[in-house]
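See structure below.
The values are calculated or read from the model by the stated rules, or taken from the named source; none is laboratory data. The structure displayed is predicted, hence computed values, not measured ones. Neighbour counts run over all protein chains shown; Cβ positions are idealised from the backbone, glycine included.
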Amino acid sequence: MKKETEGMYYTHGLTVPETPKPGDSPKPWKQTNVVGKRIPRVDAYERVSGTAVYPSDLVLPRMLYGAILRCPHPHATVKGVDIRKAEKMPGVHVVISGSTAGNNPGWKYSAFTRIEFATRIFESHCRYEGEPVAAVAAETPYQAWDAIRAIQVDYEVLPFVADEEKALATGAPRIHDKGNQMGETQRYSRGDVQKGLEEADVVVEMRFNTACELHTPMELHGCVADWDGDNLTIWESTQGVYPVQNGVAQVLGLPLSKVRVIGRYMGGGFGSKLRAGKYTAIAALLARATARPVKLILSREETYLATGNRPPAHMKLKAGVKKDGTLTALDFSCLASGGAYPAGGTALVDWVVRDLYLCPNVRSEMTDVYINAGPARPMRAPGHPQGAWALEQMMDALAEKIGMDPVDLRLKNVPTFSQAREGSPPYTSTGLRDCLVEGAKAFGWKEAREKIEKEERKSPVQRGVGMASGLWIAGGGGPPSTILVKLFSDGSVNLNMGASDIGTGTRTVMAMVVSEELGIRPEMIQIENADTGTTQYATASGGSKTVPTEAPAVRAAAVEAKRQLFEMAASELKTDPSGLALTGGEIFLKEDPTKKIKITEIPGLKKAGVIVGIGYRGPNAQNRVVNPFAAQFCEVEVNKRTGEVKILRFLAAQDSGRVMNRLTYDSQVIGGITMGIGLAMTEARILDRNNTGKLVNRNWHDYKLPTALDVPAEMTSLPIEPEDNEANTTGSKGLGEPVIIPTAAVVANAVRHATGVRVLDTPMSPAMLCKLFSEKRKEG
Amino acid sequence: MKRKPEDEDPKTVMTRRSFIKGVGVGAAAAAAASGSLSALAAAEAKEVKPEEMQRLTLRVNGRSHRLLVEPRWSLLFVLREKMGLSGTKMGCERGECGACTVLINGVSRYACMTLALEAEGDEITTVEGLMEGEELGPVQQAFVENDAFQCGYCTPGQIMAAEGLLRSNSPLTVTEIQKGMSGNLCRCGAYVHIFQAVEAAAKARSGK
């Protein structure tokens, strides 16, 4: 059986070519000239000028617009689809459904689970509100939607279950033939939890719930599909062009070589755009049926229904601690739902409980159930923020019980190896201790706590500070990745990379790596990326592994180009290549810098026109774990009359290895905190569980994202950079996901500090807080 | 608002149009504050049928464009799909996210909540219109330098909102910037850098 830590974002145990040869790997950078600096993005101009063409911006000659009819019921069977009226409407070119010939290929659900489920593009057994039933291509999107509304569908409406806690009850409507539990309950244990609880001086047990969150990236999901004979080109808003190519080829039965996927720009994904969607295949079907390019961009409402979510989690955690702060036991259980299909409802929820702190006795039990709701997709650090919501509030509660500072309790239990993995392999670097110590210092943690605790507590507006930490299971990256560095005879460089830049600044970081190695200004470097037709194979940009995967391969390609360049220069300078160095477009003898030659003057390069350096991402160090760590701190002001929480300031101390670009690094940190504030304060998918089963808040008006008014202007990013020469040749670890992991718990712990109320459920809405405050007043 | 009698031709869109007009203005906070409401309300509602393409002249970024449009087409749709001005982005088509923010007569407005026909005679500025030839405008430059975005999809809308805020000449404390920019969502969560960019652009502007 596959280990659960394997194969999530990259491939383990893969034999890969290595450049340079093992043993010749470039040494770790000591002093860097470019890497780590604050450098604006190489593609900033395109993004702020409006010239960047995102997939949803594309307009092709003769292009039609697609739209999808979706099942309005949480559970129903399609008895018949009448498309006759729709077909005749103005501007309509084609209407397809499960009963139009050749338009209903198979589809598989499997993300993040060991269970696969085969269904169809237009599935007649609709298991969630939003299941595709038919699709239209027309000359304008308005006409396409007119036609969608004219399609008559005969549904047999079935009883539904939209409440994960009721899914396994006797008599609950069955969503799948085998029942509503997805596979077996997953169990993990080490040590003896019972014994550990007996050894503890203090035992605390609490139940926690995190609400279902929706990704809602700013750019809608979708694509433009265009056939040229039997060659299909797709411009998709995606985190990974190669996974989309693979998905579409499989569904349509095409050779991979005939499917070209382009995704140079994309407007956010957060895990919901890692693969092809049904919409991708539907766009291709519509384009084939009409012999026209088809643009199929979902409506915002459809993205709420059908493009994934962070599953809701119901968690129970019992923990034991000794008076000196030694953790003795953690006993965790979780019930969660990835929706109507296998989609990883419980995926990784227990990981922080299992691996963040030293604890000899740990047990976890997780049950994933089906409900009649849209299938989950990985969302920024799948499982981890949910688990951290429970664990990090528990740590806070334990610290309070034994009268210890929450930072000190965590410092007491910092591991240097991964306890939850087989053989307890060591981390290549563990910055957790430094995150805690340096973060607390920079925040002024002790002083802030003392000051607040000395204050009178009579005012209805109270201040509090809170903190929490986290680790991310992945973030080390790994093979496969292939990079080409083309060095032209004028000294400029073209970098060819399959990976997407999902907004994290990947392109800029890679240009900086090339610049560091070849001494060429980043603006002299042109990057081609995210195009299966012209760029090299890469896995999707997800799992916070893009920089630690691609940057070492880019460095290897640049080093290889430099090797070839030095060979050419050496024959001109009549010396040995090993004695050469490169700066400012000139190659010179280290021992005698007067002996030099400009790149542009090397005859060999002029004749050849270009040097191509190929770099591969080599394997990771054996028996080592590469994980990022974090500790975050915040100060809040809580109005106990209105239930309003104002977050005054935030500080994130993140160990993500070497900082590659301080400017984009900070952007990822403030972005992660902001999304974490959403989880803590405002975001919750609400299903009408008792009456209709339908999604109640299907737009940004009713489902609230944090706005400019919900974040503190004072957000501090404090990079912790432990030297890590084992992680990879750039010393970098992932950043995007680790940031969001502790954030919600940080806010909850601060609210507890301010008010004495522990909030067990997200989101911490004013209404919910008012209720808790009033309950506390009654208790006296 | 006028009510449509039941016996009238059901295809008449006058009522629907004036209704949408009201909603559209209400959704854009900046517009409500601008005093341009009265001008819109005074505009006479012309009776048009949904299937009749309408002749329309739009003033966009200082140029006039003659177009044939369906009455129901939004300004956003016409800018993006008919005029190739895809810098103005589509996020929700219901006035919630601000990705489609443009300036109408110097005031920031949601293009998804504005019918193309409504915008006739107005001076429309899109993100492309802030460019000085190939050079970025000062707000755009401030966004680059402060890395005030990640994926960049909400960015043209944020930039137009910031431009509108600066043109309103109101004093800009951080709180005022937060309020002024609160009609534009950013899912990547770049707000803090956006505040810094708007502050920098405001400084550059007052320094002129």
- prompt: Is it the case that region A:766-780 has a residue that's within 20 Å of A:GLN393 (Cβ to Cβ) and of a type in the set (Lys, Arg)?
  reply: yes
- request: Could you list all residues from region A:208-245 that are of a type outside the set (A, V, I, L, M), surrounded by fewer than 23 Cβ atoms within 10 Å (Cβ to Cβ) and within 24 Å of A:GLY345 (Cα to Cα)?
  value: A:ASN209, A:PRO243
message: With the requirement that a residue be touching a Cys at 6+ places or on another chain (Cβ under 7 Å) and within 12 Å of chain B (Cβ to nearest Cβ), what does region A:43-72 give you?
response: A:PRO55
- prompt: Under 6 Å by Cβ, and 6 or more places apart or on different chains, what pairs join a residue from region A:72-98 that is farther than 23 Å from A:GLU301 by Cβ with one that is hydroxyl-bearing (Ser, Thr, Tyr) and crowded, with 24+ Cβ neighbours inside 10 Å?
  reply: none
- line: Given (1) within 14 Å of chain B (Cβ to nearest Cβ); (2) of a type in the set (A, V, I, L, M, F, W, C); (3) over 25 Å from the mean Cα position of the chain (by Cα); (4) under 30 Å from A:LEU14 (Cβ atoms), A:LEU648 misses just (4)
- request: Considering each of A:LEU296, A:LEU317 in turn, give the residue that is touching a strand residue (DSSP E or B) at 6+ places or on another chain (Cβ under 6 Å), more than 12 Å from chain B (Cβ to nearest Cβ) and under 30 Å from A:ASP192 (Cβ atoms).
  value: A:LEU317
statement: A careful count of residues in region B:173-200 that are more than 8 Å from chain A (Cβ to nearest Cβ) and either at positive phi or surrounded by fewer than 22 Cβ atoms within 10 Å (Cβ to Cβ) (or both) gives 6
field: All positions within region A:698-728 that are assigned to a loop (DSSP other than H, G, I, E, B) and more than 12 Å from every other protein chain (Cβ to nearest Cβ)
entry: A:ILE720, A:GLU721, A:PRO722, A:GLU723, A:ASP724, A:ASN725, A:GLU726, A:ALA727, A:ASN728
- line: Counting only residues that are at positive phi and more than 7 Å from every other protein chain (Cβ to nearest Cβ), region B:149-172 contains a total of 1
query: Just to be sure, is B:LYS82 of a type in the set (Lys, Arg), touching a Leu at 6+ places or on another chain (Cβ under 7 Å) and assigned by TED's automatic domain parsing to the domain that holds B:PRO50?
result: yes
- prompt: Scanning for something in a helix (DSSP H, G or I) and within 21 Å of the chain's Cα centre (by Cα), does region A:746-767 turn up at least one residue?
  reply: yes
message: So, in region B:124-148, exactly how many residues are on the phi > 0 side of the Ramachandran plot and at the interface with another protein chain (Cβ under 9 Å from one of its Cβ atoms)?
response: 1
message: Looking at region A:94-134 only, could you name the residues that are under 28 Å from the mean Cα position of the chain (by Cα), assigned to a strand (DSSP E or B) and more than 14 Å from A:ARG70 (Cβ to Cβ)?
response: A:GLY106, A:TRP107, A:LYS108, A:TYR109, A:PHE117, A:ALA118, A:THR119, A:ARG120
- prompt: Residues that are in contact with a strand residue (DSSP E or B) (Cβ under 7 Å, 6 or more places away or on another chain) and of a type in the set (Gly, Ala, Ser): which strands (runs of 3 or more DSSP E) entirely in region B:61-146 hold 1 or more of them?
  reply: B:63-69, B:107-110
Members of region A:557-599 that are of a type in the set (Gly, Ala, Ser) and either free of Cβ contacts under 8 Å to residues at least 40 places away in the same chain or outside the structural domain of A:GLY498 (by TED's automatic domain parsing) (or both): A:ALA569, A:ALA570, A:SER571, A:SER578, A:GLY579, A:ALA581
- prompt: Can you pull out the residues in region B:60-90 that are closer than 17 Å to B:CYS112 by Cα, more than 10 Å from chain A (Cβ to nearest Cβ) and not hydrophobic (A, V, I, L, M, F, W, C)?
  reply: B:PRO71
- prompt: Do the conditions hold for A:GLY503, that is, is it over 29 Å from A:LYS607 (Cα atoms), in contact with a helix residue (DSSP H, G or I) (Cβ under 9 Å, 6 or more places away or on another chain), crowded, with 23+ Cβ neighbours inside 10 Å and within 14 Å of another protein chain (Cβ to nearest Cβ)?
  reply: yes
query: Can A:VAL157 be described as out of contact with any helix residue (DSSP H, G or I) (no Cβ under 9 Å at 6 or more places or on another chain) and within 17 Å of A:LYS85 (Cβ to Cβ)?
result: no
field: Total residues in region A:158-173, condition loosely packed, with under 15 Cβ neighbours inside 10 Å and farther than 20 Å from A:HIS314 by Cα
entry: 2
- prompt: Hey, any hits in region A:484-505 for a residue that's assigned to a strand (DSSP E or B), within 21 Å of A:LYS733 (Cα to Cα), of a type outside the set (Val, Ile, Thr) and in contact with an Asp or Glu (Cβ under 8 Å, 6 or more places away or on another chain)?
  reply: yes
- prompt: Looking only at region A:274-317, which residues are under 25 Å from A:ALA388 (Cβ atoms) and part of a strand (DSSP E or B)?
  reply: A:ARG310, A:ALA313, A:HIS314, A:MET315, A:LYS316, A:LEU317
statement: Subset of region A:637-686, residues out of contact with any strand residue (DSSP E or B) (no Cβ under 8 Å at 6 or more places or on another chain), buried (at least 24 other Cβ atoms within 10 Å of the Cβ) and either modelled with pLDDT under 95 or outside any helix (DSSP H, G or I) (or both), comes to A:ASN661
message: Out of the residues in region A:81-116 meeting the condition of being more than 20 Å from A:ALA137 (Cα to Cα) and modelled with pLDDT of 95 or more, tell me which one is surrounded by the most Cβ atoms within 10 Å (Cβ to Cβ).
response: A:TRP107
field: Test result for A:LEU220, within 14 Å of another protein chain (Cβ to nearest Cβ), hydrophobic (A, V, I, L, M, F, W, C), under 30 Å from A:ARG758 (Cβ atoms) and within 32 Å of the chain's Cα centre (by Cα)
entry: no
message: Criterion first (more than 14 Å from chain B (Cβ to nearest Cβ), over 26 Å from the mean Cα position of the chain (by Cα) and over 14 Å from A:VAL224 (Cβ atoms)) does A:PRO243 satisfy it?
response: no
message: If I go through region B:147-172 residue by residue, how many of them are surrounded by fewer than 19 Cβ atoms within 10 Å (Cβ to Cβ) and either of a type in the set (Asp, Glu) or not in a helix (DSSP H, G or I) (or both)?
response: 4
field: Filter result (on the phi > 0 side of the Ramachandran plot and among the charged types (D, E, K, R)) within region A:167-201
entry: none
message: Looking for something within 20 Å of B:PHE149 (Cα to Cα) and over 23 Å from the mean Cα position of the chain (by Cα) - is there at least one such residue anywhere in region A:714-726?
response: yes
